[in-house]
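See below for the structure under consideration.
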């Protein structure tokens, strides 16, 4: 995927007829697509869908970590490596200090050490980690490790931020706090973001748009735009329109979750869960 600059209103990320299969012969699995999706500059696009529908696979294709079996993904950007990815398992290095972890992408880009340190410390300060710059990940809580992963991704000032269920392993209360923090950061930086999640609430809180995927092989079956202006705050969770949209999204997903064979793992009424309302395991 070679980024290039296009004037006007062309999308930042453009996917056309993207497919992905795994295996060979009789063991071949059609995991994804065909999938079409445009993500505009500065848009925060959330993707929800049942377990195994190819959400994470699509994110890795956009990141350039996996090749599509068919179709194409195009990033319209001004540099060769415009994307940064935040995985659900933090992806930070235990043998590096917090500062060194956040600085890692800048070191790879060969940013001068003084400038790299300054930018890394700035992001540590923004995410409340300034006092832990010399600590090692083993001494941090799960939420703090995830903040380190977010700071590392944002320190390289990506044009496209890819997030693969980054809060899935956290407890509900901490996840709510980090959702609000990520929301504030992305609203301030206007970074284009693709966010994979199995939480409908999370998608509504964070997304300018929520894209709904089918059961495997995943394709886009619907999309909704949360009716909340920016800047947003966590108070939107208490709005009647919030609950109504969450119910609508669940109705769109219910049959797909059951078709994916995950119906028994999904709650009968996820709307009753005020925080996480999962609709399937991470894909």
Just one listed residue, out of 106, 124, is in a helix (DSSP H, G or I) and either free of Cβ contacts under 8 Å to residues at least 40 places away in the same chain or under 17 Å from residue 87 (Cβ atoms) (or both), and it is 124
A careful count of residues in the range 16-38 that are part of a strand (DSSP E or B) and surrounded by fewer than 23 Cβ atoms within 10 Å (Cβ to Cβ) gives 12
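Residues are listed down the side, and each one gets a yes or a no for (1) more than 18 Å from the chain's Cα centre (by Cα); (2) modelled with pLDDT under 90; (3) not in a loop (DSSP other than H, G, I, E, B):
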position	(1), (2), (3)
210	no, no, yes
216	yes, no, no
236	yes, yes, yes
243	yes, no, yes
250	yes, no, yes
When the range 138-155 is checked residue by residue, the ones that are over 16 Å from residue 181 (Cα atoms), without any contact (Cβ under 8 Å) to a residue 40 or more places away in the chain and in a helix (DSSP H, G or I) are 139
Sole miss for residue 91 among (1) touching a strand residue (DSSP E or B) at 6+ places or on another chain (Cβ under 7 Å); (2) surrounded by fewer than 23 Cβ atoms within 10 Å (Cβ to Cβ) is condition (1)
Out of (1) touching a helix residue (DSSP H, G or I) at 6+ places or on another chain (Cβ under 6 Å); (2) farther than 22 Å from residue 181 by Cα; (3) at pLDDT 95 or above, the one residue 135 does not meet is (2)
Among the residues in the range 96-109, are any surrounded by fewer than 17 Cβ atoms within 10 Å (Cβ to Cβ) and touching a helix residue (DSSP H, G or I) at 6+ places or on another chain (Cβ under 6 Å)? no
The number of residues in the range 58-96 that are assigned to a helix (DSSP H, G or I) and over 22 Å from residue 201 (Cα atoms) is 4
Within the range 179-208, the residues that are over 16 Å from residue 226 (Cα atoms), part of a helix (DSSP H, G or I) and within 13 Å of the chain's Cα centre (by Cα) are 182, 186
Given the conditions (1) closer than 27 Å to residue 147 by Cα; (2) at pLDDT below 80; (3) assigned to a helix (DSSP H, G or I), every one holds for residue 169 apart from (3)
Within the range 221-234, residues being within 21 Å of residue 187 (Cβ to Cβ) and assigned to a strand (DSSP E or B) number 2
Checked 51, 56 against criteria (modelled with pLDDT under 90 and within 25 Å of residue 213 (Cβ to Cβ)); the one match is 51
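The values are calculated or read from the model by the stated rules, or taken from the named source; none is laboratory data. Every value quoted in this text rests on a predicted model; they were computed, and no experiment measured them. We place every Cβ from the backbone using ideal geometry, glycine too, and count neighbours over all the protein chains shown.
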